[in-house]
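A.B. asks: Below you'll find the structure I mean.
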Amino acid sequence: MVLGGGYSGLIAANRIARRLSGADVMLVNERPRFVERVRLHQVAAGQRPVEHLLADRVRPGVRLSIGRVTALDPDRREVRVGDDALGYDTLVYALGSGAVVPESAAGALTAAGAESAEEASKRIADLAAENGVLAVVGGGLTGIETAAELAESHPGLRVRMLTSGEPGGFLSPRGKAHVRRVFDRLGVEVLTDADVEEVREDAVVLRDGRAVGAALTVWSTGFAVPALAGRSGLAVDAHGRIRVDATLRSLSHPEVYAVGDSAAATRQNGRELRMACATGIPAAYCAADAIAARLTGREARPLRFRYVNQCVSLGRRDGLVQYVDADDNPHRTVLTGRLAARYKEAIVRGALFVTAKSGPYSLARPRSVLR
Ligand SMILES: Cc1cc2nc3c(=O)[nH]c(=O)nc-3n(C[C@H](O)[C@H](O)[C@H](O)COP(=O)(O)OP(=O)(O)OC[C@H]3O[C@@H](n4cnc5c(N)ncnc54)[C@H](O)[C@@H]3O)c2cc1C
């Protein structure tokens with residue numbers, strides 16, 4: 001049984017079905033469609049990416065169950081989906097993550113989930129029609145992509161980014177300079193050293209008492225995982241992600257595997273993987289192979305992963321490809337402009353392609369996938 005039909009869950013289910021003909025594989029997801037999460041900032045900006053049904057993306061041998069998982073009992077090997085209690089022999093947990101919005105910012109919008117991004121798009125379009133001011137809180141990759149996308153799609157909107165440091169502080173100097181250049185061109189104002197305390201109806205209030213006017217705020221300071229795993233008694237880390245070994249197998253329950261944002265997976269040198277498709281996709285291949293290997297009496301191979309680059313969209317016509325070392329530290333080299341935008345679009349399409357039912361499930365598993 002695979003919980004979660006996002007990038008990593010869908011890939012895991014399809015690859016297990018490919019590797020273990022005759023296995024009864026069930027994929028559980030809360031909605032019938034596959035959400036391309038990496039495009040949700042585009043959705044918030046009012047674009048409507050093509051919709052994909054999970055039913056069209058699962059291989060023969062994978063049964064779909066549409067419903068929300070509300071409880072998991074790993075000792076009884078049982079999952080509750082709506083009113084049903086479903087048993088399993090082996091479980092892959094791939095429920096992903098969502099926004100982390102503190103209570104003091106409860107009125108803020110987010111682009112972290114399908115429904116919240118759609119809701120944001122309506123409110124942002126209305127605000128843009130009045131030439132209003134919108135704040136994006138958080139200067140990480142998703143905050144940067146969101147601010148640029150909103151500013152490009154809604155030229156009437158005044159976008160302000162509030163960050164505690166430089167936007168994309170982890171990028172190389174050239175990478176950061178390019179983000180600033182694009183923000184200047186798109187009219188995105190940047191307020192650094194902005195430690196946000198509260199989001200009000202008409203302003204964002206900073207810890208030093210300053211109030212920055214904004215009729216809407218998009219909160220983008222990172223992702224948090226569902227509490228379900230921690231509640232179930234599985235061993236989890238301080239963030240609630242399932243603690244796994246090098247084959248993505250739970251440290252507390254050997255018949256459970258975790259992949260994607262919900263797993264506290266590490267590189268072979270022990271460094272934690274960041275939440276990304278780039279890490280979730282190879283992890284899904286690895287977990288599926290480990291399950292197939294163990295169920296057929298072979299030895300499971302550990303995850304071997306290295307980062308290559310971080311690809312950041314800056315609207316539809318510009319982008320940034322930041323080359324990194326195996327541990328995700330930036331090199332000096334970057335690719336920018338239209339070519340980088342095309343490169344990023346190719347990566348996003350590639351991530352969708354590997355989830356297709358005819359995806360490359362029989363090929364060797366990837367050691368890196370570009371962000
Ligand atoms: C705007 C945005 C841009 C991004 N850009 C990039 C990028 O450029 N590159 C990159 O590598 N990463 C990017 N990410 C991060 C990336 O989307 C995630 O890391 C990735 O989607 C994680 O994959 P996953 O399979 O673990 O989880 P998800 O893709 O989140 O899938 C989880 C699935 O589980 C389902 N689910 C959750 N809870 C339940 C439940 N209780 N019951 C049933 N179903 C449930 C969800 O509906 C979903 O289908 C971006 C994220 C956002 C929001």
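A.B. asks: Net charge within 12 Å of Arg304 by Cβ-Cβ distance, Lys/Arg positive one each and Asp/Glu negative one each, not counting Arg304 itself?
C.D. replies: In short, +4.
A.B. asks: Run through the DSSP bridge list for region 99-219 and note the antiparallel percent, rounded to the nearest 5.
C.D. replies: The antiparallel fraction comes to roughly 30 percent.
A.B. asks: Between Glu189 and Arg301, what is 0.36 nm times their sequence separation minus the Cα-Cα distance? Round to one decimal in nm.
C.D. replies: Values: separation 112, 0.36 × 112 = 40.32 nm, distance 4.80 nm.
Gain in length upon complete extension: 35.5 nm.
A.B. asks: Right, here's the next one. Residue by residue, what Karplus-based ³J(HN,Hα) values in Hz, rounded to whole numbers, does region 102-115 have, using 6.51, -1.76 and 1.60 with θ = phi - 60° and x for Gly and Pro?
C.D. replies: x, 4, 5, 10, 4, x, 6, 8, 9, 10, 7, x, 4, 5
A.B. asks: Set the Förster radius R0 to 45 Å, insert the Cβ-Cβ distance between Arg33 and Glu166 as r into 1/(1 + (r/R0)^6), and round the FRET efficiency to 0.05.
C.D. replies: 0.75
A.B. asks: Run the simple label-point estimate for Ser368 and Arg68 please: 7 Å along Cα→C-beta, distance reported in nm.
C.D. replies: 4.0
A.B. asks: Let me ask something additional. Counting Lys +1, Arg +1, Asp -1, Glu -1, what net charge surrounds Leu352 among other residues with beta carbon under 10 Å of its beta carbon?
C.D. replies: After counting each charged neighbour, the total is +2.
A.B. asks: Taking the Cα centre of region 32-172 as origin, work out the dipole magnitude from +1 charges on Lys and Arg Cβ and -1 charges on Asp and Glu Cβ, in debye rounded to 20.
C.D. replies: In debye, rounded to 20, region 32-172 gives about 220.
A.B. asks: Using Cβ contacts closer than 10 Å as the measure, can you line up Thr217, Thr336 from fewest to most?
C.D. replies: Least crowded to most crowded, the residues run Thr336, Thr217.
A.B. asks: Which ³J(HN,Hα) values in Hz, rounded to whole numbers, follow from the phi angles of region 261-266 under the Karplus curve 6.51 cos²θ - 1.76 cosθ + 1.60, where θ = phi - 60° and Gly and Pro get x?
C.D. replies: 4, 7, 9, 8, 8, 10
A.B. asks: Mind ranking 79-89, 174-184 by how tightly packed they are, going by the mean number of other C-beta atoms within 10 angstrom, highest first?
C.D. replies: 174-184, 79-89
A.B. asks: Once the Cα atoms of helix 173-186 and of the chain are each reduced to a long axis, what angle between those two axes, in degrees from 0 to 90 to the nearest 10, is obtained?
C.D. replies: 60
A.B. asks: Find how much the distance from Ala227 to Arg349 grows on full extension, using 0.36 nm per residue of separation minus their present alpha carbon separation; answer in nm with one decimal.
C.D. replies: 40.9 nm
A.B. asks: Arranged from highest to lowest average of other beta-carbon atoms within 10 Å per residue, in what order do the peptides 45-55, 190-200, 145-155 appear?
C.D. replies: 145-155, 190-200, 45-55
A.B. asks: Testing the spin-label approximation: label points 7 Å from Cα along Cα→Cβ at His331 and Glu103. State their distance in nm.
C.D. replies: Label at His331, label at Glu103, 4.8 nm between them.
A.B. asks: Given R₀ = 25 Å, FRET efficiency for Asp126-Asp56 by Cβ-Cβ distance, to 0.05?
C.D. replies: Values: r = 34 Å, r/R0 = 1.34.
Using R0 = 25 Å, I get an efficiency of 0.15.
A.B. asks: Right, something else. Taking the Cα atoms only, what angle lies between the long axis of helix 337-353 and the longest principal axis of the chain, rounded to 10 degrees?
C.D. replies: On a 0 to 90 degree scale, this one is about 30.
A.B. asks: Hey, got the dipole for region 99-219? About the Cα centre, +1 on K and R Cβ, -1 on D and E Cβ, debye to the nearest 20?
C.D. replies: Numbers: 12 positive and 19 negative charges, 109 e Å.
Here the size comes out at about 520 debye.
A.B. asks: Also: Suppose the chain between Arg342 and Arg48 were pulled fully straight at 0.36 nm per residue; how much longer would it get relative to their current alpha carbon spacing?
C.D. replies: Difference between extended and current length: 104.0 nm.
A.B. asks: What order, most packed first, do the peptides 344-353, 105-114, 259-268 have when packing is the mean number of other Cβ atoms within 10 Å of each residue?
C.D. replies: The densest-packed peptide leads the list: 259-268, 105-114, 344-353.
A.B. asks: Using only Cα atoms, what Kirkwood radius does the chain have, in angstroms?
C.D. replies: 21.2
A.B. asks: Of the beta bridges DSSP finds with both residues in the chain, what % are antiparallel, to the nearest 5?
C.D. replies: Counting only bridges with both partners in the chain, antiparallel ones make up about 55 percent.
Each reported figure results from applying straightforward, stated rules to the coordinates on display, with no laboratory input. None of these values were measured; they are calculated from a predicted model. Glycine gets a Cβ as well: all are built from the backbone with ideal geometry, and neighbour counts include every protein chain shown.
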